[in-house]
1. Looking at region 84-100 only, could you name the residues that are in contact with a strand residue (DSSP E or B) (Cβ under 9 Å, 6 or more places away or on another chain) and either in a loop (DSSP other than H, G, I, E, B) or at positive phi (or both)?
2. In the set 33, 67, 25, which member is touching a residue at least 24 places away in the same chain (Cβ under 8 Å), within 16 Å of residue 187 (Cβ to Cβ), assigned to a loop (DSSP other than H, G, I, E, B) and touching a helix residue (DSSP H, G or I) at 6+ places or on another chain (Cβ under 6 Å)?
3. Just checking, does region 9-20 include any residue being free of Cβ contacts under 8 Å to residues at least 40 places away in the same chain and more than 15 Å from residue 190 (Cα to Cα)?
4. Evaluate the following for residue 77: is it out of contact with any helix residue (DSSP H, G or I) (no Cβ under 6 Å at 6 or more places or on another chain) and either surrounded by 14 or more Cβ atoms within 10 Å (Cβ to Cβ) or modelled with pLDDT under 95 (or both)?
5. Filter region 195-210 down to the residues that are more than 14 Å from residue 174 (Cβ to Cβ) and surrounded by fewer than 16 Cβ atoms within 10 Å (Cβ to Cβ) and list them by number.
6. Counting only residues that are at pLDDT 95 or above, loosely packed, with under 12 Cβ neighbours inside 10 Å and assigned to a loop (DSSP other than H, G, I, E, B), how many does region 101-143 have?
7. Inside region 175-194, can you point out the residues that are surrounded by fewer than 17 Cβ atoms within 10 Å (Cβ to Cβ) and part of a helix (DSSP H, G or I)?
8. Within region 36-64, which residues are over 21 Å from residue 192 (Cα atoms) and assigned to a helix (DSSP H, G or I)?
């Protein structure tokens, strides 16, 4: 399926509470979210599979919205997800691509060296680069140093035409500045997951991107 990265929601189960993740996802997609990454670092593999399937069920009438699983290749395959997103310390992207040629594979990149390694991979190994963090964010306290919009723009220029999204501390009032770096989309966690009205939050972000 086509992967539209324009407004990419990364889920956070704790921030969505007391609402369920599928409930927040459905509202956010109604407001303009174009892709969803199911992420829950505290969940077991079985729980992550159940969560992914519940998100897919919530989006059964929206086949245009890709559902990607964070880190877990096994869960992505069992759920029939669109893809998997990998961090630098996760499974090697070359092995993932060899085992799952049909999946959309994303890779997190935060430095020029990581970007060089990613762009040196055989064509088609990676479909998307997640660049960040743009700004420091409490949803990923172990993230690398903040790059700022200037640092993101520099990585975009070196991405060799690969699809890029930016992540890290992006809120509606900062979305336009991030879009101006040349990325193909922005990733948002707390601005939607913690919002009182996830649909309105997504609408506000889409308006800022336009």
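1. Passing the criteria: 87, 88, 90, 91, 92, 100.
2. One residue alone meets the criteria, 33.
3. Checked region 9-20: no residue is free of Cβ contacts under 8 Å to residues at least 40 places away in the same chain and more than 15 Å from residue 190 (Cα to Cα).
4. So residue 77 passes the test.
5. 196, 197, 200, 210
6. 6
7. Across region 175-194, the qualifying residues are 176, 177.
8. 45, 46, 47, 49, 50
The values are calculated or read from the model by the stated rules, or taken from the named source; none is laboratory data. No experiment lies behind these values; they were computed from the predicted model shown. Neighbour counts run over all protein chains shown; Cβ positions are idealised from the backbone, glycine included.
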